[in-house]
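I have placed the structure first, in the form of structure tokens, so that the comments after it can refer back to it.
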Amino acid sequence: MEYGRRGESLFSLAFRKREYGESLYRALKGGDCRREKLRVCAAGEELWMEPEEGGTMVAGHYMNLCGREPGLPLGWLLGLGWSAGTRSGSGRRRTAGSPETDEGGRIRCVGLYHGRAEDPDRAEVDLSSGAGVSVTAVNIGGGRSRSLLEACPRLGEYGAFVEQVKSGLELGLGPERAAKRASRWARENHVLGDLLELGENDVRDRILREYEGELAVVREKQLSYAAGMTDGLLQGEVSGMARLLLGILSRFGPVPLWLEKTVAGERDCGRLQQWGTAASRSSTLEEFLRLSGLFCRQ
């Protein structure tokens, strides 16, 4: 694997060896692909797996260390697809059969993420971008996708390590102490030994970078929403709050007419604020309806 640039993800580092990349590719693709000659390389935060016969696969991982990403991390998944589409068309070296000659002329992106137990094992994400990229979200958190983790033991070890980091954060240890705690657990249980041998500080720094990156996104969402809501309250306009909420909901796609009428007709500032909080924490319209309690009004 081509590795060495500072800034690549812990996920790319964990699968830097060819045998680990091949194991991940076989587990994600399924079927008998053991005879395929595979080129594995890191490109930024992602892992590229390119067989000679076509069918390029790009994989990435979202740790969800902040624990505040409900459902699918759509923003990250779209970024993964965009990154793959951009790199494939920006002079990046292509091997035979990829990505122009893969099946359907598309790159298959697999976004692994640490979701909740109630999230599905897999979900297809429609980019609707015409970039020639398809994205499949795979939940490896909350005890999901066990067959995949069993098929790729390295992914199982990596997932268990991330769970240790997350459990440390849930205990209030902070990201740095949580990373150290997870590294100690890994050494005691002989997990990812080769990864830790390359530098425990390097592993810790990558975890801290991912944590700060996630936290920055969460803060941006919260500040953007809070600024708009404060402006609406200062103007004393309930209708302004309703318009703001509808604007937030529009990022999920067209707002159903019944929901638009419900929000526009609401006169309780407290309820609108509760709905706004639910919207800021949601990744899909269905998630918002569940969190806001509006699902039963359809």
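From the list L208, L192, L173, which one is in contact with a Phe, Trp or Tyr (Cβ under 9 Å, 6 or more places away or on another chain), open to solvent by less than 50 Å² (accessible area, probe 1.4 Å) and modelled with pLDDT of 85 or more?
On inspection, the qualifying residue turns out to be L192.
With respect to R181, is the statement that it is closer than 18 Å to F11 by Cβ, charged (D, E, K, R) and touching a helix residue (DSSP H, G or I) at 6+ places or on another chain (Cβ under 9 Å) true?
no
Only one residue in G276, G270, G253 is open to solvent by less than 80 Å² (accessible area, probe 1.4 Å) and without any contact (Cβ under 8 Å) to a residue 12 or more places away in the chain. Which one?
Result of the check over G276, G270, G253: G270.
Would you check which residues across the range 279-292 are at pLDDT below 85 and farther than 14 Å from S250 by Cα and list them?
Scanning the range 279-292 gives a single hit, R281.
Would you check which residues across the range 82-112 are modelled with pLDDT of 75 or more and out of contact with any His (no Cβ under 7 Å at 6 or more places or on another chain) and list them?
I107, R108, C109, V110, G111
Can you pull out the residues in the range 56-76 that are modelled with pLDDT under 80 and either open to solvent by less than 30 Å² (accessible area, probe 1.4 Å) or part of a loop (DSSP other than H, G, I, E, B) (or both)?
Hits for the range 56-76 are G67, R68, E69, P70, G71, L72, P73.
Identify all residues within the range 19-31 that are touching a Lys or Arg at 6+ places or on another chain (Cβ under 9 Å) and either modelled with pLDDT under 85 or charged (D, E, K, R) (or both); write none if there are none.
Within the range 19-31, E19, E22, R26, K29 meet the criteria.
Considering only the range 275-298, how many residues are closer than 24 Å to L77 by Cα and part of a helix (DSSP H, G or I)?
The total comes to 12.
Keeping to the range 249-274, report how many residues are assigned to a helix (DSSP H, G or I) and modelled with pLDDT of 80 or more.
15
The values are calculated or read from the model by the stated rules, or taken from the named source; none is laboratory data. What you are looking at is a predicted structure, and each value in this text was computed from that prediction instead of being measured. Note that each Cβ is placed from the backbone with ideal geometry, even for glycine, and that neighbours are counted across all protein chains shown. Note: areas computed on protein heavy atoms with side chains; ligands, DNA, RNA excluded. Shrake-Rupley method; radii C 1.70, N 1.55, O 1.52, S 1.80 Å.
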